[in-house]
Structure formats: structure tokens, C-alpha cells
Amino acid sequence: MTAAVAIEGLEVVFDRFRALKGVSLEVREGESYGLVGESGSGKSTLLRAITGLAPVASGTITVNGKALGKTRDKAFYRDVQMVFQDPYGSLHPRQTVDRLLQEPLAIHGIADGEKRIERALDEVGLGKGFRFRYAHQLSGGQRQRVAIARALILEPSILLLDEPTSALDASVQAEVLNLLEEVRRRHKLTFLMVSHDLAIITHMCERLMVMQNGDAVETLTASQLIGHRVSEDYTRNLLRASEGFVRTA
Amino acid sequence: MSAEAIQSRREWLLSDRPASRVQARLGRAYVAWRRFSANRLALVGLLIILALMVVAALAGVLAPYSATVGDLKNARLLAPSAEHWFGTDDLGRDIYSRIVYGSRWTLYVVILVAIIAAPIGLLVGTVAGYAGGWTDTILMRITDIFLAFPKLVLALAFVAALGPGIENAVLAIAITSWPPYARIARAETLTVRNSDYIKAVQLMGASSFRIVLRHIMPLCISSLIIRVTLDMAGIILTAAGLGFLGLGAQPPLPEWGAMIASGRRFILDQWWVAAAPGAAILIVSLGFNLLGDGLRDALDPRSGDQ
Amino acid sequence: MSDTLLEVDDLRVTFPTRTGLVQAVRGVSFSLGRERLGIVGESGSGKSQTGRAIMGLTPPQAEVSAKKLAFGGIELLSISSRQRRSLRGNRIAMILQDPKYSLDPVMTIGRQIVETLRTHEKVSKADARERALAMLQAVQIRDPARVFDLYPHEVSGGMGQRAMIAMMLITGPELMIADEPTSALDVTVQLDVLKILDKLVAERGMGLIFISHDLRLVSSFCDRVVVMYAGKVVEQIKASELRDAQHPYTRGLLNCMPRIGFERHPLPVLDRKPEWAA
């Protein structure tokens with residue numbers, strides 16, 4: 001079994017701020033891997049470093065056995081796609097859904113565009129009626145579905161998910177999480193998912209890494225977490241917090 | 001068309017679920033038009049500009065006399081009358097005819113300047129804003145140098161170097177009016193450059209060229225259109241100013257600024273020679289300003305549901 | 001708790017839009033004693049507009065009407081805007097989601113608290129400072145004197161929200177409206193802030209309206225929960241009895257969130273029925 005994503009001693013520095021302080025992890029092919037942490041933990045930075053959006057100061061990133069250099073080539077983006085947190089910000093305000101989905105196909109010179117767009121829309125449960133709408137004519141959940149369709153249209157093997165449901169209502173969140181699980185099963189995708197919510201990560205992922213202040217705290221399997229078999233206090237705090245408010249006294 | 005047909009067409013345009021690319025685009029344009037047409041003054045502006053275009057197109061039909069050849073013997077400096085609506089000038093030419101033909105030159109100047117200056121500004125601004133770093137510094141310092149000169153003075157210098165004439169005046173105005181557009185385009189680019197939707201396109205492997213051309217420029221265009229329209233009045237005035245100084249259109253071209261210049265000598269006794277082209281400049285400038293204001297309300301990318 | 005602090009009967013908030021009138025709140029009724037009441041709903045359910053209408057912060061173009069909107073016997077809709085203003089911040093206080101937007105960025109935290117106090121009470125500057133420091137201490141800020149002189153951008157989100165609570169509580173209000181007070185905070189900080197809020201509300205015997213999208217959080221914090229959908233109250237229930245909620249919307253909301261230790265694939269989703277909104 002090879003690693004879909006392998007990261008060794010990754011360090012990311014913005015100006016002088018060390019956002020990631022030497023993090024290593026390995027995501028197996030077909031696995032769903034979660035990154036949990038609070039704001040400033042560096043979990044989103046890690047995703048951005050993989051895609052080339054954050055400057056790597058040191059360390060190596062290997063995707064599907066290929067070590068990544070400073071720049072990413074077109075082939076990389078056919079393997080790795082990302083879904084952003086804010087569905088209101090990740091769709092171009094002046095483009096129809098059709099145009100949004102056409103863009104990746106045009107960039108990569110893929111011919112059977114019509115069919116792919118229709119299939120992608122069907123797959124995320126939107127159907128043809130949504131094809132010529134603008135982003136402002138869609139609800140938050142629908143926008144996130146379009147973003148997922150856009151990520152899937154290049155048929156990547158790895159999907160990076162940056163808090164894909166944190167801006168959505170709980171009921172819509174459930175729908176989007178179900179959709180993500182479904183497309184993962186159908187396309188045998190590898191997920192690397194970031195969230196601040198332990199419950200979502202344990203629901204979606206087989207293994208996870210808890211992060212704090214740019215460092216890895218510990219790596220767990222979902223079942224270890226469910227059984228509260230954790231070794232670090234910080235993880236225990238997070239677990240307690242996710243259970244809601246408990247009145248003492 | 002029956003009321004029902006109009007109603008159903010409106011529904012088709014305002015549909016939340018357009019069925020084709022054309023419908024989506026038309027619907028969008030219709031929403032912008034509704035917002036624009038709700039503004040009465042903007043409609044007045046649009047009407048003035050349309051009238052200018054019609055007059056320019058039909059100048060040959062509308063003008064009763066020649067614009068360049070006058071009747072020196074019988075018709076010098078006549079006051080406005082039924083025969084010569086706006087009177088005649090010192091060479092016996094009918095001022096009304098000259099103004100009608102002059103509209104062509106006004107449009108010529110305005111359109112050429114817009115075609116030259118706006119794309120230069122758009123290109124410089126978006127490239128500087130998106131690339132950042134050294135490219136940005138160099139491009140923006142060049143822009144600053146151009147901005148540091150008063151517009152008319154710089155235009156004068158260019159005309160002096162290139163020689164007088166309306167083509168050179170246009171060129172000079174275009175060269176001096178792109179820097180503000182570059183500024184606007186850059187500011188707009190900086191606000192969208194780090195947005196997720198631009199990052200999403202980067203993550204599809206799009207080249208920088210493609211991102212600037214297809215994703216950033218369309219977002220800058222509406223604010224640029226607004227600014228260019230509002231600047232039109234200034235451009236007309238600069239062109240008129242150059243004409244007035246004798247550095248723009250050369251006689252006997254019926255350019256409005258040059259007409260005022262030649263009427264200046266008789267301004268106390270034969271006021272109409274200068275007043276008529278002055279009023280024409282005033283009305284057209286006002287038209288562009290009203291239109292620009294209306295466009296700002298209709299196209300502003302920051303206003304909600306665009 | 002017998003004494004009623006707030007009575008809301010048939011509250012409606014209507015917004016004029018391009019396409020006609022839109023009712024954001026469509027006949028909401030509830031009453032509040034000295035207790036913690038949660039208002040829960042998804043975006044667009046009208047929960048925030050309900051809070052704002054009670055506070056008197058509805059945007060000017062919107063229209064508020066109610067058969068009764070009484071606070072401590074005062075009919076809020078019939079008093080002058082000046083009287084309304086003097087109630088606001090003095091006897092009714094509100095905490096908003098993000099302290100970054102509700103604290104004045106160009107004034108130190110301490111000065112903002114002092115100003116708030118001095119607009120509602122006649123106290124000397126020295127006394128006001130003393131009380132502000134005590135209040136900062138009460139919201140468990142470890143070094144009140146230092147935080148007193150900081151500007152809002154110099155403190156973390158959690159600290160800012162505590163300062164906000166301190167500012168709102170300094171005048172000793174009887175009713176506190178908290179609109180998503182912890183949604184912008186990290187989970188661990190969230191609990192600290194809630195603990196502080198809980199303690200102060202209990203100590204001072206205030207009424208609290210806690211507005212949130214998070215049904216589970218609200219039910220663990222409040223005594224009673226009002227569930228809103230499409231501008232209406234679909235269910236009012238004791239927090240302890242939430243498990244036995246009757247309305248399918250409430251049950252759906254509770255069910256659809258993933259929970260640690262309860263494996264459900266796929267997650268149950270809400271099947272929205274048009275009659276819920278009717």
C-alpha cells in the first residue's frame with residue numbers, strides 16, 4: 001500500500017511567523033484522514049502548503065509517490081483538488097455554474113465537456129436546472145455542492161476539504177457530509193479533511209491528527225477517539241468541549 | 001405585444017432558474033437595466049448621449065448648410081434667425097450646421113480615447129495588482145510619474161512634440177488619462193486577488209495570464225466603465241481646451257472647442273458664435289455625467305445581488 | 001420563578017424589499033422570567049430578528065408590530081425612542097457574535113466600559129474605573145489592569161468576548177440577549193465564556209435569551225428552548241425534555257448532527273415539510 005500524501009517535517013513561515021513547525025503525516029491511498037485543531041493550529045495552512053498556496057520553508061511533500069517542488073504542474077491539479085470553507089467566497093460572483101464547471105475542463109483541454117458537466121451536476125444532486133444560475137441564485141448548501149462538482153470534474157484521486165461544512169446550517173451540513181461520503185465511495189477518493197469539530201472528523205475519517213499552534217499533538221484512529229483512548233490533555237479538553245456545556249455546581 | 005406576453009417575457013428574464021446561457025445573460029442585463037432605468041436623471045443622460053450619436057450619424061441630413069464653406073459676402077456674423085438657427089460666424093458659416101458636424105468630432109475623440117486609455121489602464125492595473133512584487137512596483141511608479149503632471153499640461157507637451165491636429169490631441173489625451181484607470185483596476189484586483197474563487201481557479205492549474213484575463217478583468221470592467229463614462233466630460237473639455245488653444249483640431253474642422261476659440265474675438269458683440277458650441281459642450285458633458293452616475297448605481301459590484 | 005420579565009405576544013417583523021414585503025418574524029410569542037431561554041433555528045428562521053426587535057435594534061426600514069411586547073410592565077413599542085435608548089444598555093443588554101465588530105476599535109477596552117457605565121449612572125471617574133476593573137475580574141480576566149488599557153485588536157477573540165460581557169453587565173441589566181455569543185470562538189474558549197456567562201446570570205438573577213443555531217449547545221446551557229422555523233415558533237420545550245421533542249423539525253435538527261460514538265452512515269437528513277412554515 002503506497003501513501004497518497006506523505007509529509008515529512010513540513011515547515012511553513014509567513015514573514016517571521018512559523019505557522020507550521022515541522023509536521024509529518026502519511027495518508028494512505030483511499031483513506032480518509034482528518035486534521036483537527038482550533039484557530040491558529042496550522043491545519044488549514046497544511047492543506048494550502050500541499051496545493052502550493054502557502055510557502056514551504058522546509059520539509060518534503062510527496063503526492064502519489066512524486067515529490068513536489070516549488071511549483072505545481074497541471075498534472076498535479078488533476079490529482080489533487082480542494083473544496084473551500086466559505087461557499088459564499090469560493091464561487092466567482094459573475095460566472096454561471098456552467099461557466100464555473102467549464103473552466104477546469106478548458107484549462108486541461110478536456111473534450112467531452114457537455115457530458116461531464118451534466119454528470120457532475122447530477123452527481124452532486126443539483127441536476128440540469130441549476131446549470132445556468134449565478135452564485136447569488138443559490139443557497140449555501142447548493143453553492144457547496146457546486147464547489148464539490150467543480151472539484152470532482154477533473155476526476156482527482158485526492159480531495160482536500162477545508163472545513164467544508166462549517167459555514168452551513170446543521171441540516172445542510174448533514175446533506176453535504178453524506179454527499180462527500182458518497183462520492184468518496186464511488187470514486188475511491190482519498191480525503192484529507194480539516195475541521196475544528198471532532199464529531200465531524202470522527203464521523204468522516206478513519207484516522208486523524210490533532211494539531212495545536214502549528215505542531216502535531218497526537219495521531220489517533222477514530223475508534224481510539226470514540227473510546228476516549230487519548231494520551232494528550234489537549235485532546236481530552238477538545239473531547240470534553242465537544243460534548244457541550246456541563247454545569248458544575 | 002399583449003400585456004400577458006410582456007408579463008411572461010419579464011418572468012422569463014427574471015427567472016431564478018435560467019435554462020440556457022443566453023437566458024442567464026439576458027436576465028442579468030435586464031436586472032441591471034431595471035436598476036438603471038429606475039433613475040430618471042440617468043435616463044436623461046442616456047437620452048442625451050443617444051441623441052448625440054443620432055445627430056453624428058445623420059449630420060449630412062440634419063445640417064442645412066456646409067460646415068466648412070461659408071457665404072463670406074452676405075452672411076457674416078448674422079444673429080440667430082429662422083434661416084440660421086444659431087446664427088453665423090465670421091466666415092459666414094452656419095453655426096448650427098457646424099455644431100451638427102462637430103458632434104462627429106466629439107464622438108470621435110471620446111470613443112478613441114476610451115478605446116486607447118481604458119484597455120491600457122486595465123492591463124497595467126490588473127497585471128500590477130495580480131503579479132505584485134517588482135512588476136507592481138515598476139508599473140505603479142510609471143503610473144505615478146504620469147499622474148504627477150497636470151493632465152492638460154502633459155497633453156500640451158505631447159501635442160507640442162507630435163504637432164497639432166485632432167489625431168495627436170486624441171493620442172495626447174489618451175496617454176494622459178490611463179493612469180487613474182490603472183489605479184482603479186489595481187485596487188479592484190487587490191481586493192479580489194486573495195479571494196477563494198481566484199484561489200480555486202489557481203488550484204485548477206490555470207495560468208496567471210488566464211486568471212487575469214478571464215477572471216479578474218471581468219470584475220474590474222464595470223468600475224472602469226463607470227469611471228470612463230464620468231471622465232468623458234473631462235475628456236471632451238480637454239479636447240475642447242486643446243482646440244481652444246489651437247493645438248487640437250485645426251481650421252476649418254468644426255470642432256466645438258476650436259469654434260469657441262474663434263468666437264472669442266466677438267464674444268461681446270456676437271455672443272452666439274461662442275455660446276452655441278459652449279452650450280453643446282455643456283449638454284454633452286452633463287449627459288455623460290448623468291449616464292455615469294446611473295451606471296454606477298446599476299453596475300456597482302459591491303451592491304448586493306449582482 | 002413567577003415574576004415575568006418579558007412578555008412577547010404575536011411579534012412580527014416585516015421588511016420591505018424590491019419584490020414586496022417579507023416577514024422575517026411571523027407572530028412569535030413567549031414569555032421569560034428570571035431564567036435562561038434559548039432561541040434556536042437555522043439561518044433565516046428569524047431568531048436574530050426576534051432578539052433585535054426586543055432590543056429595539058431593528059433596521060429603520062423594517063416594521064415591528066406585536067400585540068404585546070412588554071418588559072417589566074413597560075410596553076416597549078409605545079414608549080419614545082429616548083426612553084427606549086435609556087433602557088437599552090441599562091436594563092436590557094445585548095452581546096453579539098463577534099466582539100471585533102461590536103467593540104469600538106479606537107477606544108481602549110477600559111474606557112469603553114467606563115463610558116458605558118457613566119452614560120447610565122452618575123459616578124465619578126475613579127469609581128467607574130474601580131467598578132470596571134472589578135467587572136473585568138468578574139469575567140475572569142487575569143490581569144484586569146493591563147487589559148483595561150488595551151485596544152480591542154490587541155486581545156484574542158475569547159478575551160474580547162469577555163470584555164464585551166463585562167461591558168454589558170457593568171450596568172447590572174435585568175435582561176441579557178446573547179446572539180450567537182460564542183460562535184466565533186474556538187470550542188475550548190467557548191466553554192470558558194459560557195461558564196462565565198452562566199455564573200453571572202445565576203448570581204445576578206438576570207433573564208437571559210440565548211440565540212444560537214446550535215441546538216445541542218443551547219439545550220445544555222438553557223432551561224427552556226424555543227425552536228423557530230421560517231419566522232415562527234414551531235416548538236417550546238424544557239431543555240431537559242428535548243429528547244422527547246414532538247415536532248419533526250426539532251427532532252430532525254437534533255438528529256442530523258454527527259456525534260462522537262454514534263456511527264450513522266449516512267446521517268439522517270431533514271425532510272422539510274411545507275406545512276411547518278404554514
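Per-residue mean of other chain beta-carbon atoms within 10 angstrom of the beta-carbon, peptide C:263-269?
Mean inter-chain Cβ contacts per residue within 10 Å come to 6.
What per residue convex hull volume, in Å³, comes out for the range B:43-299 when only alpha-carbon positions are used?
Spelled out: Cα convex hull of the range B:43-299, divided by residues, is 133 Å³.
For the range C:84-96, what does the Karplus curve 6.51 cos²θ - 1.76 cosθ + 1.60, with θ = phi - 60°, yield as ³J(HN,Hα) per residue in whole Hz, taken in order and with x for Gly and Pro?
My calculation for the range C:84-96 gives 4, 5, 6, 5, 5, x, 9, 9, 10, 10, 9, 10, 9 Hz in order.
Peptides B:121-128, A:88-95: what's the order by average Cβ count within 10 Å, highest mean first?
On the way: B:121-128: 23.2, A:88-95: 19.8.
Going by the mean number of other Cβ atoms within 10 Å, highest first, we get B:121-128, A:88-95.
Given contacts defined as C-alpha pairs under 8 Å and at least six residues apart, what's the relative contact order of chain C, whole-number percent?
24
C:Lys67: which lysines have alpha carbons under 17 Å from its alpha carbon, excluding same-chain residues fewer than 8 sequence positions away?
By straight Cα distance, C:Lys67 reaches C:Lys232.
Assigning unit charges at the beta carbon (Lys, Arg +1; Asp, Glu -1) and nothing else, what dipole magnitude in debye, to the nearest 20, does chain A show about its Cα centre? Before the final figure, lay out the partial values.
Working: 31 positive and 31 negative charges, 99 e Å.
Rounded to the nearest 20 debye, it is 480 debye.
Suppose each label sits 7 Å from its Cα in the direction of the beta carbon; what would the A:Ser166-A:Arg240 distance come out to in nanometres?
For the pair A:Ser166/A:Arg240, the computed spacing is 2.3 nm.
I need the phi-derived Karplus couplings for the range A:181-193: 6.51 cos²θ - 1.76 cosθ + 1.60, θ = phi - 60°, integer Hz, Gly and Pro marked x.
With the stated coefficients, the range A:181-193 comes to 4, 5, 5, 5, 5, 5, 9, 6, 7, 9, 10, 10, 10 Hz.
Can you give the charge dipole size of the range C:62-124 about its Cα centre, rounded to the nearest 20 debye, using +1 on the beta carbon of Lys and Arg and -1 on the beta carbon of Asp and Glu?
Its charge dipole is roughly 200 debye.
Among A:Phe17, A:Phe76, A:Phe132, which one shows the highest mean-square fluctuation when chain A is modelled as a Gaussian network with alpha-carbon springs under 10 Å?
Evaluated over chain A, the most mobile residue of the options is A:Phe17.
So how do B:250-263, C:5-18, B:52-65 stack up, highest first, on mean other-Cβ count within 10 Å? Provide the component values of the computation, followed by the final result.
Working: B:250-263: 22.4, C:5-18: 17.6, B:52-65: 14.9.
Final packing ranking: B:250-263, C:5-18, B:52-65.
Taking amide H atoms as placed 1.01 Å from N in the peptide plane, list the residues 5 or more away in sequence, or in a different chain, whose amide H sits under 5 Å from that of A:Arg28.
Hits under the 5 Å cutoff: A:Ala4.
Once the dipole of the range C:58-98 is set up with Lys and Arg at +1 and Asp and Glu at -1 on Cβ about the Cα centre, which of C:Ile79, C:Pro59, C:Ile95 lies farthest towards its positive end?
C:Ile79
Let me check I've understood the local charge: for B:Ala185, count other residues with C-beta under 13 angstrom from its C-beta, Lys and Arg +1, Asp and Glu -1. What total comes out?
Result for the local shell: +2.
Past the 17 angstrom mark, what percentage of all C-alpha to C-alpha distances in the range C:139-259 do you count?
It works out to 61 percent of all Cα pairs.
What average count of beta carbons from other chains do you get within 10 Å of the Cβ of residues in A:8-19?
0
Over all residues in C:250-258, what is the mean tally of Cβ atoms on other chains that come within 10 Å of each residue's Cβ? The partial results should precede the final answer.
Values: counts 0, 0, 3, 4, 1, 3, 9, 9, 13.
Neighbouring Cβ atoms belonging to other protein chains average 5 per residue here.
Which listed residue (A:Asn237, A:Val172, A:Leu25) has the Cα farthest towards the positive end of the charge dipole for chain A, taking +1 on Lys and Arg C-beta and -1 on Asp and Glu C-beta about the Cα centre?
A:Val172
What residue among A:His203, A:Gln95, A:Ile50 has its Cα farthest toward the positive end of the dipole of chain A, where the charges are +1 on Lys, Arg and -1 on Asp, Glu, each on the Cβ?
Checked the options; the winner is A:Gln95.
Just from its helices, what would the mean residue ellipticity at 222 nm be for chain C, if runs of 4 or more DSSP H residues each count -39500 (n - 2.57) and the sum is divided by every residue, rounded to the nearest 500 deg cm²/dmol?
It comes out at -10500 deg cm²/dmol, rounded to the nearest 500.
Dividing the Cα radius of gyration by the Kirkwood radius, what Rg/Rh value follows for the range A:3-242?
Details: Rg = 17.8 Å, Rh = 18.4 Å.
Dividing the radius of gyration by the Kirkwood radius yields 0.97.
Around A:Leu161, which amide H atoms from residues at least 5 apart in sequence, or from another chain, sit under 5 Å from its own amide H, with H modelled in the peptide plane?
A:Val83, A:Leu192, A:Met193, A:Val194
Highest mean first, what order results for A:208-221, C:135-148, B:230-243 on Cβ atoms within 10 Å?
Numbers: A:208-221: 19.9, C:135-148: 17.4, B:230-243: 23.1.
Listed from highest to lowest mean packing, they are B:230-243, A:208-221, C:135-148.
Which residue fluctuates the most in chain A, going by a Gaussian network model with Cα springs under 10 Å, if the choices are A:Asp15, A:Asp162, A:Asp98?
Comparing A:Asp15, A:Asp162, A:Asp98 in the GNM, the peak value goes to A:Asp15.
When we measure straight from the Cα of C:Lys199, which aspartates and glutamates land under 16 angstrom away, once same-chain ones fewer than 8 places off are left out?
C:Glu35, C:Glu174, C:Asp223
Using θ = phi - 60° and the Karplus relation 6.51 cos²θ - 1.76 cosθ + 1.60, list the HN-Hα couplings for the range A:3-17 in order, rounded to whole Hz, with x at every Gly or Pro.
Ordered by residue, 3J(HN,Hα) equals 8, 6, 10, 10, 10, 10, x, 6, 10, 10, 10, 9, 6, 10, 7 Hz.
Based solely on its DSSP helices, what 222 nm [θ] is calculated for chain A when runs of n ≥ 4 H residues each add -39,500 (n - 2.57) and the sum is averaged over all residues, nearest 500 deg cm²/dmol?
That calculation yields -10500 deg cm²/dmol at 222 nm.
Mind listing which chymotrypsin sites (Phe, Trp or Tyr not before Pro) in the range B:180-215 are in a DSSP loop and have 16 or fewer other Cβ atoms within 10 Å?
none
Over chain A, what is the relative contact order in whole percent, taking alpha-carbon pairs under 8 Å and six or more residues apart? Before the final figure, lay out each step's value.
Working: 447 pairs, mean separation 64.9, N = 249.
Relative contact order comes out at 26 percent.
Which trypsin sites (Lys or Arg not before Pro) from the range A:1-39 combine a DSSP loop assignment with at most 13 other Cβ atoms within 10 Å?
In loop regions of the range A:1-39 (DSSP not H, G, I, E or B), the sparsely surrounded trypsin sites (Lys or Arg not before Pro) are A:Arg16.
For the range A:3-242, compute the number of Lys pairs whose alpha carbons are separated by less than 27 Å, excluding pairs fewer than 8 positions apart on the same chain.
14
Where a number appears in this text, it was derived from the coordinates with a stated rule and is not lab data. This structure is a prediction, so every number in the text was calculated from the model and none was measured. In this analysis, Cβ positions are derived from the backbone assuming ideal geometry, glycine residues included, and neighbour counts consider all displayed protein chains.
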